[in-house]
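Enquirer: Here it is, the structure, as structure tokens.
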Amino acid sequence: MRFGVLGPLTAWTADDHPVTIPGLKVRALLADLLAHDGRPVPADRLIDDLWSGDPPGNATGALSAKISQLRRALEDAQPGARALLAAHPAGYRLHIDTATADHLRFTDLLTQARTTTDPRAKAARLADALALWRGPAYADFRDEPFLRPVIARLEEQHLTAREEHAETRLALGEHTQLADELTELLREHPLRERLRATHMRALYRSGRQSEALDSYHHLRDHLATELGLDPGAGLTRLHHAILTQDPALDAPTPP
């Protein structure tokens, strides 16, 4: 059985049929277990998360009922799957790994990408990692306080991976495609200086010098208005290099 949190919370059987997890609290329980990456979660922590600090009278019994419902849903979908949710001296544990949980697969692919020296292999690993995303992380539980730090971490990893993928593609000579793609991404994240630098380089290498300079000015204005800051030194140097048409900015021969 596989589980997905890079988008709406989803489970699939081994033959890719969606698994129905009935009940909001049971789905929240599954989300909580997945957020702990296969580590045991104490019962007290699960109770606090599921009932937001206001548990029912018999909280232990209520949690046990939700555990039983989740096991039954897994078992009904795929015989033997109830064993994935095991009681542990430290709490309850959902057995998952990089083959069965999309967020663990995502981080594993990022690690592989960052340890390869072949830019084409790196681009391929990053593309595979990004393809796992079906929407915002934990899309149907974004307002749950216990998931907010997990969601923030995953989404920062996602955006960083997109930046790394763009930089790698730029090194491979894909500046023409990137120039327009990053324009769209920067509308969502206008203050990301790393992303802005790649966008400026892609525009410049596509023969769009004035647009590259406009991209810098757009960031500078945003920073001044929203944060009272100036662009970083690296971006300022890149701006000067574009102004002076520094030959070092020319597209390298793709490997």
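Enquirer: Output the number of residues of region 224-252 satisfying the condition of being touching a residue at least 12 places away in the same chain (Cβ under 8 Å) and either surrounded by 13 or more Cβ atoms within 10 Å (Cβ to Cβ) or outside any helix (DSSP H, G or I) (or both).
Expert: Looking only at that region, the number is 12.
Enquirer: Hey, does region 95-112 have a residue that's at pLDDT below 95 and part of a loop (DSSP other than H, G, I, E, B)? Before the answer, list the steps.
Expert: Here is the first cut: in region 95-112, the residues at pLDDT below 95 are none.
Within region 95-112, not a single residue is at pLDDT below 95 and part of a loop (DSSP other than H, G, I, E, B).
Enquirer: Ok, one more. For Leu172, only one of the following conditions fails: (1) surrounded by fewer than 21 Cβ atoms within 10 Å (Cβ to Cβ); (2) in contact with an Asp or Glu (Cβ under 8 Å, 6 or more places away or on another chain); (3) touching a residue at least 24 places away in the same chain (Cβ under 8 Å). What is its number?
Expert: That leaves (2) as the condition not met.
Enquirer: Additional query: If you take the residues of region 57-87 that are open to solvent by 50 Å² or more (accessible area, probe 1.4 Å) and outside any helix (DSSP H, G or I), which of them is farthest from Thr20 (Cα to Cα)?
Expert: Looking at residues that are open to solvent by 50 Å² or more (accessible area, probe 1.4 Å) and outside any helix (DSSP H, G or I), I get Gly57.
Enquirer: Given the options Asp44, Asp48, name the one that is open to solvent by 20 Å² or more (accessible area, probe 1.4 Å), touching a Pro at 6+ places or on another chain (Cβ under 8 Å) and assigned to a helix (DSSP H, G or I).
Expert: Answer to the selection: Asp48.
Enquirer: If you don't mind, another one. How many residues are loosely packed, with under 15 Cβ neighbours inside 10 Å and closer than 25 Å to Gly23 by Cβ when one looks only at region 123-136?
Expert: Adding up the residues that qualify gives 2.
Enquirer: If I go through region 113-122 residue by residue, how many of them are assigned to a helix (DSSP H, G or I) and open to solvent by 80 Å² or more (accessible area, probe 1.4 Å)? If you could, list the steps in order and put the result at the bottom.
Expert: The first filter runs over region 113-122 and keeps only residues assigned to a helix (DSSP H, G or I), leaving 113-114, 119-122.
Add one more test, that the residue is open to solvent by 80 Å² or more (accessible area, probe 1.4 Å), and what stays is 114, 120.
Total satisfying the criteria: 2.
Enquirer: Considering (1) open to solvent by 40 Å² or more (accessible area, probe 1.4 Å); (2) part of a helix (DSSP H, G or I), say which one Thr198 fails and leave the rest.
Expert: (1)
Enquirer: Take the residues in region 65-92 that are of a type in the set (A, V, I, L, M) and modelled with pLDDT under 95, then tell me which one is nearest to Asp49 (Cα to Cα). Write out each step before concluding.
Expert: Restricting attention to region 65-92, the residues satisfying the condition of being of a type in the set (A, V, I, L, M) are 65, 67, 70, 73-74, 77, 81, 83-87, 90.
Remaining after also requiring modelled with pLDDT under 95: 87, 90.
On the way: Ala87: 18, Ala90: 16 Å.
Step by step, filter region 65-92, then rank; the result is Ala90.
Enquirer: Now for a separate question. Report yes if some residue within region 137-156 is farther than 23 Å from Ser206 by Cα, crowded, with 21+ Cβ neighbours inside 10 Å, within 13 Å of the chain's Cα centre (by Cα) and among the aromatic types (Phe, Trp, Tyr); otherwise report no.
Expert: yes
The values are calculated or read from the model by the stated rules, or taken from the named source; none is laboratory data. Keep in mind it's a predicted model, so treat the numbers as computed, not measured. No Cβ is skipped: glycine too gets one built from the backbone with ideal geometry, and neighbour counts run over all protein chains shown. When the accessible area is computed, the model is the full protein with side chains, heavy atoms only, and any ligands, DNA or RNA have been set aside. Shrake-Rupley method; radii C 1.70, N 1.55, O 1.52, S 1.80 Å.
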